[in-house]
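I have placed the structure first, in the form of structure tokens, so that the comments after it can refer back to it.
Derivation of every value follows stated rules applied to the coordinates shown; laboratory data play no part. Computed from a predicted model, the values in this text were never measured in an experiment. Positions of Cβ are backbone-derived with ideal geometry, glycine not excepted, and every protein chain shown enters the neighbour counts.
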Amino acid sequence: MKRKLKVAILYNETMEDIREVEAGQGEAIPFMDKSLPTPDEEFKAIARALKRSGYSAEIFNIEDDLDRFFGFLDGYKPDAVFNLIEIFKFLPQLESHVAGFYHLLKIPYTGSSPLVLSNCQNKILVKRVLKSNGINTANFYVAEKPVTHKVTGLSLPLILKPAFEDASVGIENASVVRDKDKFGPRLKYMLKRFKQPIIIEEFIEGRELNVAIFGYPHLRALPISEIDFTAMPDHLENIVSYEAKWDENHESYHKTVPVCPSVLPLKTERKAKEIAVRAGKLMGITDYARVDMRLREDGELFVLEVNPNPDLTEGAGFMRSAHAAGYSLSQALDLIVKLALRKKFA
């Protein structure tokens, strides 16, 4: 009887991860709404889906502990790792370091390489790479200290974002600045809170598209998903804020409605897919990713972010597109594992 391939589904979650402490204020605020599915529940669903595809699958929480991490790998001896680790010791920047361990141990793993994860974590670098290769991204200025609006040379409205965060952390309704008098206080607040450079962008009014890309060594685009802002009230900006993603009690959570496939003119759809694949290639994406972009009223497309290893749970942007392409959860995850197994280690 043929042995089942062993897939280790690794993630990192500690009790402290469900809370975030506001820098310098000592005030604990919820990190994620507790009514949402827990990571355990979501990752168990991934394990069940892989088992339906014929794998032996086990989930494991490394709990910010490298001894625990290496001990599990040594004991379980997986044929492949499904890498769902996005943060280590509360630092998104260490995501790439964890992937580096798989690489050094020559264990096939899903998603992009350590270098790609690190590069895409740096939103400033991504914007510069895209812009220098002729891909539209909003005009921007990087602030490491307080500056005036005039110094940026940018036109209002603006949106301010931390340079090295994930999952919409730091993006809220007040991040969109339409009044120059509010620019200075907002920038000072963000510099103090996040203690990292702040990207100041010209805010692109328009539709928000999520373009999933899939494959190795050749990428292709899946059906485009859109965040429909039609129901968003006037007092809230048309953005996918942190609250819109994670706070089930916030109004914006219920007013950002995913639609997949998005209804777009054929020319626009083709152009968006071409841009997403090109952006993915420029950043070195392998296996799967999501390219977020804005479609302006005049038809111009602007890339917001290139997201390697995006959320794969049911209802998330990538899996919506996979389902629209005809893949079940089991089929999509099976293909991602097979893509991982094809990788070679230099």
Choice from 133, 12, 309 showing the highest fluctuation, given a GNM over the chain with Cα pairs closer than 10 Å: 133
Cα long-axis angle, helix 66-76 against the chain (0 to 90 degrees, to the nearest 10): 40 degrees
Unsatisfied cross-links (Cα-Cα over 26 Å) in the set 192/273; 89/192; 131/271; 145/182; 2/44; 6/44: 192/273
Residue exposure sequence - 149, 103 - by fewest surrounding Cβ within 10 Å: 103, 149
Violating pairs (Cα-Cα greater than 19 angstrom) within the set 150/180; 245/267; 77/106: 245/267
Of (i) 53, 52, 40; (ii) 65, 50, 36; (iii) 70, 51, 40, the label for Cα extents along the principal axes in Å derived from the coordinates: (iii)
Restricting the stretch 309-345 to chymotrypsin sites (Phe, Trp or Tyr not before Pro) in coil, as DSSP defines it, with at most 10 other Cβ within 10 Å: 345
Cβ-placed point charges (K, R +1; D, E -1), dipole of the chain about Cα centre in debye, nearest 20: 1660 debye
Kirkwood hydrodynamic radius (C-alpha pairs) into Stokes-Einstein, the stretch 139-202, 20 °C and 1.002 mPa s, D in µm²/s: 188 µm²/s
Among 289, 80, 276, residue whose mean-square fluctuation peaks in a GNM of the chain (springs only between Cα atoms under 10 Å): 80
